[in-house]
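First the structure, in the form of structure tokens, and then the observations on it.
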Amino acid sequence: MTTSVSPPETVPEEKAAAHRMPFWVNQRLGLLVLVIALSILFGVLRPAFLDQRLVLFPLLRDVATLTVVALAQMVALSVGHMNLAVGRMAAFGAMFAGLGYDKLHLPMQAGLLLCLAAGAAIGAVTGWLIARTGVSSFVVTLAMDFALLGLVSLMYSALTEDAAFTTRPAGIDALRSYSLADICAGPICGSPAVPQLAQFTVLAMLGLGFLYGGTRIGRELLLTGANPAAAELSGIPTGRRVLLAHTLSGLLAALAGFMAAAGTGTFRASIGDDFMLPSFLGAVLGGTLLTGGVVSVLGTLLGTALVGVIRKGLDLLGVGLESLNIYLGCILLLALSADRIRTVVSYRKVVRST
């Protein structure tokens, strides 16, 4: 779903234009068409692309994880901020889960809760610093990124012999290797291409969709991002909303870190090293504004899926890692340009309607 701050009511002569399909709907449909078209194209060029177990299963597992990463960035963007420490927060949360499994012998669910609590805590500290000091989120999260980089590395060095927690509790191997085909209701089973790990992504999307689309707090988060001064004058506790946004961002980043660790089978300090670019690509391609006030939960999934399909397809076609990064960088540049154009067009429409 896409949620945004409601614009001023249209005047009578503009009612006909109001019935036109909104831009974000066109964008989501365009992303869906692109994902399907590129999947078919890569399937024709490399039939192995459509192999459910060898290609689609790991692809969708990566998409599930990176969608949660993009949702973590989307929540920060909703208040007009950014989270440059999203990858380190993922590593920080995953470290606590690995510590719980390796040293405390916790069950999988308890370790996951510890991971989420650690992510929410470091996110809350980041949000508190931003709200209390008034320093830009860019500066604070960049500093937090460097701080966590050193802290996580030191803790792994002190607590492990080979810089990794390798103890795996019961159930975590199933998350890595089992698909919906292993869940059956009588003779009917799920798809072997969809990993069970995707259940966390679905829950995160449902929770955020309800928050932004059905609660007052969600609307206040968007209003804080759209116009902080006006939100403050309207009685919205903008400081608390900034704190909440970064707390949720940290929690989602930690969830992504847990999913990444479950996908590889080990908890390492390097978890989240490659999360930065996908976090912005998925959110911005999906329709979330960098300036705040507009988010798209479903669009974030589609944007991440598009990047995943492009990456996997080009990889099967033999395109090198360097070329892949060039293409993804160009995609992000185009997305940022489109975001700026959309912001200017939306502003002019609001000005003309007032």
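The values are calculated or read from the model by the stated rules, or taken from the named source; none is laboratory data. Predicted model, so just to flag it, every value in this text is computed and none were measured. Here the Cβ positions follow ideal geometry from the backbone for every residue, glycine too, while neighbour counts run over all protein chains shown. Protein only, heavy atoms only, side chains kept; ligands, DNA and RNA dropped before computing areas. Shrake-Rupley method; radii C 1.70, N 1.55, O 1.52, S 1.80 Å.
A compact table of results
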read-out	value
Test: L149 is surrounded by 16 or more Cβ atoms within 10 Å (Cβ to Cβ), in contact with a strand residue (DSSP E or B) (Cβ under 9 Å, 6 or more places away or on another chain), in a helix (DSSP H, G or I) and among the hydrophobic types (A, V, I, L, M, F, W, C)	no
Those helices (runs of 4 or more DSSP H) lying entirely in segment 1-85 with at least 2 residues modelled with pLDDT of 90 or more and open to solvent by less than 10 Å² (accessible area, probe 1.4 Å)	57-78
Condition broken by G119, with the remaining ones in (1) touching a strand residue (DSSP E or B) at 6+ places or on another chain (Cβ under 8 Å); (2) modelled with pLDDT of 95 or more satisfied	(1)
Counted residues, segment 153-192 - those being surrounded by 16 or more Cβ atoms within 10 Å (Cβ to Cβ), among the polar types (S, T, N, Q) and either modelled with pLDDT under 85 or part of a loop (DSSP other than H, G, I, E, B) (or both)	2
Tally, over segment 266-298, of residues that are modelled with pLDDT of 90 or more, among the hydroxyl-bearing types (S, T, Y) and open to solvent by 30 Å² or more (accessible area, probe 1.4 Å)	1
So T224, is it surrounded by 14 or more Cβ atoms within 10 Å (Cβ to Cβ), touching a residue at least 12 places away in the same chain (Cβ under 8 Å) and under 18 Å from Q73 (Cα atoms)	yes
Criterion violated by L142 - all others in (1) open to solvent by less than 60 Å² (accessible area, probe 1.4 Å); (2) of a type outside the set (F, W, Y); (3) in a helix (DSSP H, G or I) satisfied	(1)
Among residues of segment 121-155, those that are among the aliphatic types (A, V, I, L, M) and farther than 17 Å from L248 by Cα, counted	11
Selection status of G127, in contact with a Leu (Cβ under 6 Å, 6 or more places away or on another chain), without any contact (Cβ under 8 Å) to a residue 24 or more places away in the chain and open to solvent by less than 10 Å² (accessible area, probe 1.4 Å)	no
